[in-house]
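Asker: Got a structure for you, questions after.
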Amino acid sequence: MSTEKKPKVLVARKTFPDIVERLRPHFEVETNDSEDGWPQAELIRRLQGKAGVYIAGGEKIDQILLDACPALKVISTMAVGYNNIDVPACTARGVLVTNAPDVLTETTADFGFALMMAAARRIAESEHFLRRGEWKQWSVTMFAGSDVHGATLGILGMGRIGQAIAKRGALGFGMQVIYHNRSRLPAEQEAPLNARWVEKEELLRQADHLVLVLPYSPAVHHIIGARELALMKPTATLTNIARGGIVDDAALAQALAAGTIAAAGLDVYEGEPALNPALLTVPNIVLTPHIASASIPTRRAMSGLAVDNLIAALTGGKPPTPLNP
Ligand code: DGY
């Protein structure tokens with residue numbers, strides 16, 4: 001039996017126990033058995049002496065934490081988004097960062113499409129009306145919304161998830177797809193998606209349903225604010241499954257109240273889990289708590305990939321999805 005000590009790792013957020021078990025042959029594992037993340041000071045305390053950490057997306061990995069945890073060599077997030085991690089600071093300290101792309105693409109696209117459809121067809125608004133006992137009779141224009149089939153789908157951010165949404169729109173719903181992204185897709189990728197690159201302003205003016213799927217960075221903070229919303233059609237919907245902070249939520253609430261756009265679907269919020277209270281006062285909005293990737297198979301796949309990354313990175317293997325190789 002080897003007398004060599006196993007490296008220590010921290011699983012900073014409760015996840016599937018059988019997936020955590022896969023870490024135990026390789027590491028001394030400490031787990032958070034609660035669904036809640038730890039306060040930052042507690043996270044730093046528990047990271048002392050740990051070579052690796054599995055995080056769930058909400059944990060903040062910044063210079064202060066890195067300086068306070070010199071043993072830390074690998075940060076493995078089960079999310080695809082990593083705006084909570086200061087990757088350059090990790091790279092400067094030789095700390096490897098891995099994320100979990102691809103495994104959540106289709107599930108997240110399903111949800112984005114569902115949220116867009118719910119906004120267009122006023123599903124949440126009409127359900128609330130029913131629950132309040134206000135339905136007295138059928139009427140011609142009651143909760144009449146806008147069509148999704150045949151409409152123009154606008155996508156801001158045409159990465160993997162954006163393309164998966166475009167595929168649903170073009171192939172399933174006969175939509176014309178327009179998109180804006182830093183780089184244009186090659187023509188052979190655009191053609192089957194019925195997709196056309198346009199300037200951001202044209203995207204805003206032309207889209208019947210605009211879906212945001214771009215990664216967050218300070219450069220795109222409030223990229224959708226009052227000015228941009230005013231360019232959109234009054235019949236248009238806006239769906240955000242990307243990150244809070246991309247949309248100015250206060251401006252969005254005002255635009256929805258004023259009828260500048262017809263409806264919105266939000267899964268992410270600036271400062272979440274807190275919500276701008278104005279969002280709760282407008283009826284024409286569907287609100288969900290950051291669950292776009294939350295199907296059981298996908299959350300298992302995300303957790304599994306994060307564990308695979310941690311094992312490979314700390315046992316001399318090649319992590320499947322490194323961010324700063
Ligand atoms: C992701 O994977 O980035 C999702 O938003 C969950 O955080």
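The values are calculated or read from the model by the stated rules, or taken from the named source; none is laboratory data. Worth saying up front: this structure is predicted, and the values here are computed from it rather than measured. Because the Cβ atoms are built from the backbone with ideal geometry, glycine has one as well, and the counts that use them run over all protein chains shown.
Asker: Within the set of pairs 6+ apart or on separate chains, which have a first residue in segment 273-288 that is closer than 10 Å to residue 249 by Cα, a second that is among the small types (Gly, Ala, Ser) and not in a strand (DSSP E or B), and C-beta atoms under 6 Å apart?
Answerer: That search, which allows pairs on different chains as well, returns 276/250; 278/250; 278/253; 279/253.
Asker: For segment 227-257: of the residues being within 16 Å of the ligand (Cβ to nearest atom) and touching an Asp or Glu at 6+ places or on another chain (Cβ under 7 Å), which is nearest to residue 151 (Cα to Cα)?
Answerer: Residue satisfying both the conditions and the ranking: 240.
Asker: Before we move on, is residue 279 buried (at least 22 other Cβ atoms within 10 Å of the Cβ), part of a helix (DSSP H, G or I) and modelled with pLDDT of 95 or more?
Answerer: Against the criterion (buried (at least 22 other Cβ atoms within 10 Å of the Cβ), part of a helix (DSSP H, G or I) and modelled with pLDDT of 95 or more), residue 279 does not qualify.
Asker: Of the residues 134, 125, which is assigned to a helix (DSSP H, G or I) and within 24 Å of residue 257 (Cβ to Cβ)?
Answerer: 125
Asker: Does residue 139 satisfy being at pLDDT 95 or above, more than 20 Å from residue 201 (Cα to Cα) and touching a strand residue (DSSP E or B) at 6+ places or on another chain (Cβ under 8 Å)?
Answerer: Taking the combined requirement at face value, the residue does not satisfy it.
Asker: For segment 20-75, how many residues are closer than 22 Å to residue 305 by Cβ and in a helix (DSSP H, G or I)?
Answerer: Residues that pass the stated criteria total 3.
Asker: Ok, one more. Can you pull out every residue in segment 267-299 that is in contact with a strand residue (DSSP E or B) (Cβ under 8 Å, 6 or more places away or on another chain) and either of a type in the set (Gly, Ala, Ser) or within 13 Å of the ligand (Cβ to nearest atom) (or both)?
Answerer: Within segment 267-299, 267, 268, 288 qualify.
Asker: Looking at segment 92-113, which of its residues are more than 14 Å from the ligand (Cβ to nearest atom) and buried (at least 19 other Cβ atoms within 10 Å of the Cβ)?
Answerer: Within segment 92-113, 95, 96, 113 meet the criteria.
Asker: Looking at residue 68, is it surrounded by fewer than 23 Cβ atoms within 10 Å (Cβ to Cβ) and in the same structural domain as residue 154 (by TED's automatic domain parsing)?
Answerer: When the stated conditions are applied, residue 68 does not pass them.
Asker: What tally of residues in segment 217-242 results from selecting those that are of a type in the set (S, T, N, Q), within 14 Å of residue 157 (Cα to Cα) and surrounded by 14 or more Cβ atoms within 10 Å (Cβ to Cβ)?
Answerer: The total comes to 2.
Conditions tested, residue by residue: (1) in contact with a helix residue (DSSP H, G or I) (Cβ under 8 Å, 6 or more places away or on another chain); (2) farther than 18 Å from residue 298 by Cα; (3) modelled with pLDDT under 95.
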position	(1), (2), (3)
24	no, yes, no
51	yes, yes, no
54	yes, no, no
66	yes, yes, no
71	no, yes, no
75	yes, yes, no
78	yes, no, no
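Asker: Another one. Take the conditions within 26 Å of residue 72 (Cβ to Cβ) and crowded, with 18+ Cβ neighbours inside 10 Å and apply them to residue 256. Does it pass?
Answerer: no
Asker: Scan segment 10-29 and report the pairs whose first residue is touching a residue at least 60 places away in the same chain (Cβ under 8 Å) and whose second residue is among the basic types (Lys, Arg) and assigned to a helix (DSSP H, G or I), with Cβ atoms within less than 6 Å and a gap of 6+ or a chain change.
Answerer: Between residues of segment 10-29 that are touching a residue at least 60 places away in the same chain (Cβ under 8 Å) and residues that are among the basic types (Lys, Arg) and assigned to a helix (DSSP H, G or I), the close pairs are 16/300.
Asker: Criterion first (in a helix (DSSP H, G or I) and either in contact with a helix residue (DSSP H, G or I) (Cβ under 9 Å, 6 or more places away or on another chain) or modelled with pLDDT under 95 (or both)) does residue 227 satisfy it?
Answerer: Spelling it out, residue 227 is indeed in a helix (DSSP H, G or I) and either in contact with a helix residue (DSSP H, G or I) (Cβ under 9 Å, 6 or more places away or on another chain) or modelled with pLDDT under 95 (or both).
Asker: So is residue 292 outside any strand (DSSP E or B), outside the structural domain of residue 182 (by TED's automatic domain parsing) and buried (at least 20 other Cβ atoms within 10 Å of the Cβ) or not?
Answerer: yes
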